[in-house]
Amino acid sequence: MKKAFYTIAVSLFSISFSSSQNLAVLKDINPSGDAAPGNFVEFNNKVIFSASGSNGHELWITDGTTAGTQELKDINTNGDAYPANFTVFGNKLLFSATDSNNDTELWITDGTSAGTTLLKNINASASSFPANFIVFNNKVFFTADDGTNGKEIWISDGTAAGTSLFTDLTPGNTGSFANSFTIVNNKLYFAGMDANHHFDLYVTNGTSAGTQIITTPNAPNGSNPYNLIGLGNKLIFNGSDDVNGDELFMYDGTIISILNDILSGTGSSNTTQLGIYNNELYFSSTNGTSYNIYKTDGTVTGTVQVTNHTGLSSPVSQAFFENNFLHYVYADANNVKKLNRLDLTTMTDVSYYNNTSAFFSPAGFKKINNTIYFVSNDSLYSMLLYKINDVSGFDFEAVMPNDSIQYSFTNTLNLFLLNGKILASGNFDNDYGHEIYIIDNIGVINTLNIEEKNFSVYPNPVINELTISGDTEFTFNVLSGDGRRIMTSDNSALQHTVNVDHLQSGIYFINIENNPKTIKFIKL
């Protein structure tokens, strides 16, 4: 049966492949609709993922062949399991899934159907919603709500008996909402809410007794840390205090200090971390006049501005590193998107593609052999695959912009390499719809290890009015601390201004539609 195919500018990327590149469906997982495969994770020379087949949205596995692509387990025999949060732990994989009782709990698999089981029913009366998984000291740390202590940190050794509440940071059923886990110097750092409902930085050595709060000077109501990242022996994070506002901070194991008050005063520099290269963290910030790129080695003197843009009203985005260059996307004062290359040796900044189209929104960069591929609009509804053949010479062209096969990806360029085959998840304008496809003759994929920061929320904390910005048009929901939807956007846009003056003080979340991102904000 031929499936209906719709091109949705907000949530889909369409790609053009040249005639020398072949496209074939790996397996028609859902003959009567879209399989919508996602959450791919490599595990024991195979890929485990979620997809919607005849039994609903369940757990699947593939070795890159049609015969080796099959449903691993029908976890929810009454509906959809929606497996997610896949975390490799030795020779096992931990994840969250919804069972036949509609409870979302902690599951484990060894890659076989028989070895896929409920690890622990943490919340006996409802869902515990396990999330924020990280492997530390040969254990898995994650957050879950047991129905008594709220959303707190749990620990597991991969057995039911060895899965328990790690620590109750916020006594009562409110929960600490711990997040942004990262490991530095054999210690686990995270952000969490204390008993006074203030968000601060925490550290643990892996024991409950060795878990303590780290207070930030001039932040009596909490530093609201987020985007924690290790830089050598130091911890870097976005945070705020009552003197400098929302800026980039550093913890050296002894004291927290600000790296640079880029926007003087108590305002927010709206810092976006771009990634680490050669032991330096690159980030985008505004001084109130224009956004620019900065770098830091974790010291005050080593935190410097490296570009000299003027009039940029939005953050630098879609940054990636390649051969001692930083490539990035930005919008000029007229909101025209441009591609730039920053030489990280000479700090020479060159724009190698200027596009006057209002629809040009490059994203999803992947390096394939010596060619960089990315996708972008060329009109309101059409998306093309572009390539940079020779970065040093800036040879830039569209790949088969006319009479091309239309292939639509969700959110990012979902390509991955498995046993010598390039696999892609997306919509294809033929008889199959949203499935997994095999792309031959395209080369080896090297995915750059950079966390994309596509959405920004500011100011945060907020009193009256919140601004939400993205690289592509989007809609969103505002959720209460307990997950209830309390506000919904009226339309799709690149930027939304939201009046939150009527909300009570507390913690809220922004859920970006058709995107896995959930962003926390605090209403004062």
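The values are calculated or read from the model by the stated rules, or taken from the named source; none is laboratory data. Small disclaimer: the values here were computed from a predicted structure and weren't measured. We place every Cβ from the backbone using ideal geometry, glycine too, and count neighbours over all the protein chains shown.
Of note:
- For beta carbons closer than 8 Å, sequence separation of 6+ or different chains, a first residue in the range 290-317 that is of a type in the set (Phe, Trp, Tyr) and a second that is in a strand (DSSP E or B) and surrounded by fewer than 19 Cβ atoms within 10 Å (Cβ to Cβ), the qualifying pairs are 294/304; 294/305.
- Consider the range 88-101 and keep the residues that are within 22 Å of the chain's Cα centre (by Cα) and surrounded by fewer than 21 Cβ atoms within 10 Å (Cβ to Cβ). The one that is nearest to residue 156 (Cα to Cα) is 89.
- Odd one out for residue 164 among (1) over 30 Å from residue 303 (Cβ atoms); (2) hydroxyl-bearing (Ser, Thr, Tyr); (3) in contact with a strand residue (DSSP E or B) (Cβ under 6 Å, 6 or more places away or on another chain): (3)
- Restricting the range 102-130 to residues that are closer than 24 Å to residue 44 by Cβ and surrounded by fewer than 17 Cβ atoms within 10 Å (Cβ to Cβ), the residue that is farthest from the chain's Cα centre (by Cα) is 114.
- Residue identified as surrounded by 19 or more Cβ atoms within 10 Å (Cβ to Cβ) and modelled with pLDDT of 75 or more among 436, 422: 436
Yes/no matrix, rows are residues, columns are (1) on the phi > 0 side of the Ramachandran plot; (2) surrounded by fewer than 22 Cβ atoms within 10 Å (Cβ to Cβ); (3) not in a loop (DSSP other than H, G, I, E, B):
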site	(1), (2), (3)
253	yes, yes, no
284	no, no, yes
313	no, yes, no
329	no, no, yes
350	no, yes, yes
